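First comes the structure, then the notes that go with it.
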Amino acid sequence: MTDMAQIISSEELMRKFDQLYAKMSASSDVANMKLFGSVMRKAIEQLTRYSMEDAADLVDELCSMNWDNYVTRKEAMAIVNSMDPQPKWSYEKVEAALAKLGLPMEESPYYNSYAMYVGISMKYSDSALTLAERVLKKSIAEVDELDMLKMCYYLAKDSLKDKDGVFNIRKYFGLEK
């Protein structure tokens with residue numbers, strides 16, 4: 001154990017971390033950014049030895065830099081599992097069907113694959129009956145599964161690429177911290 005770890009509480013350690021992070025993020029010195037990134041890489045490497053799942057969750061959160069709408073795998077599964085009525089398709093089934101149709105699960109910078117999965121599931125859960133009866137003039141049972149998936153995909157895509165910038169999947173599902 002280092003001298004600092006022996007004399008500092010977790011709250012003090014986090015305060016010190018926050019101060020160093022603030023200094024790095026406000027700095028124009030690339031060396032500060034590289035140092036911070038290098039130390040964070042070591043932290044992730046160490047965490048993988050104890051919990052690969054926790055390490056993957058942290059890296060997933062960092063991936064948010066790539067997307068306007070993003071959801072981690074863990075968040076997506078929790079959201080979809082809590083929907084009522086329960087959506088029809090698993091992530092893997094959606095991924096395979098969209099690949100077969102040549103439709104992308106991700107579109108940079110708009111949404112990642114888990115945001116699309118949640119969006120499709122949300123549209124199905126909220127609107128499948130309306131889509132079947134009003135658009136296709138059929139019952140849900142009569143609608144071809146692939147047709148329903150495509151409609152939900154395009155509706156989800158409309159929300160995730162909202163030109164007005166009003167829709168944000170993280171805010172919609174209460175994931176903002």
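The values are calculated or read from the model by the stated rules, or taken from the named source; none is laboratory data. What you are looking at is a predicted structure, and each value in this text was computed from that prediction instead of being measured. Cβ placement follows ideal geometry from the backbone for every residue including glycine, while neighbour counts extend to all protein chains displayed.
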Scanning the stretch 1-40 residue by residue, those among the β-branched types (V, I, T), exposed (fewer than 10 other Cβ atoms within 10 Å of the Cβ) and at pLDDT below 90 turn out to be T2, I7
Somewhere in the stretch 55-67, is a residue within 30 Å of A156 (Cβ to Cβ) and either in the same structural domain as D126 (by TED's automatic domain parsing) or of a type in the set (V, I, T) (or both)? yes
For the condition in the same structural domain as I79 (by TED's automatic domain parsing), in contact with a strand residue (DSSP E or B) (Cβ under 9 Å, 6 or more places away or on another chain), crowded, with 16+ Cβ neighbours inside 10 Å and of a type in the set (K, R), what is the one hit in K150, K157? K157
Name the residue, out of A128, A132, A96, A43, that is out of contact with any His (no Cβ under 8 Å at 6 or more places or on another chain), at pLDDT below 95 and surrounded by fewer than 16 Cβ atoms within 10 Å (Cβ to Cβ). A43
When restricted to P109, P104, P85, the only residue assigned to a loop (DSSP other than H, G, I, E, B) and farther than 25 Å from E61 by Cβ is P85
The number of residues in the stretch 131-164 that are assigned to a loop (DSSP other than H, G, I, E, B) and more than 17 Å from V71 (Cα to Cα) is 8
Among (1) assigned to a helix (DSSP H, G or I); (2) modelled with pLDDT under 95, there is one condition F167 misses while meeting the rest; what is its number? (1)
Between a first residue in the stretch 164-177 that is closer than 14 Å to Y110 by Cβ and touching a residue at least 60 places away in the same chain (Cβ under 8 Å) and a second residue that is surrounded by 10 or more Cβ atoms within 10 Å (Cβ to Cβ) and among the hydrophobic types (A, V, I, L, M, F, W, C), which pairs have beta carbons less than 8 Å apart while being 6 or more apart in sequence or on different chains? F167/L160; I169/V71; I169/A115; I169/V118; I169/L160; I169/L175; R170/V71
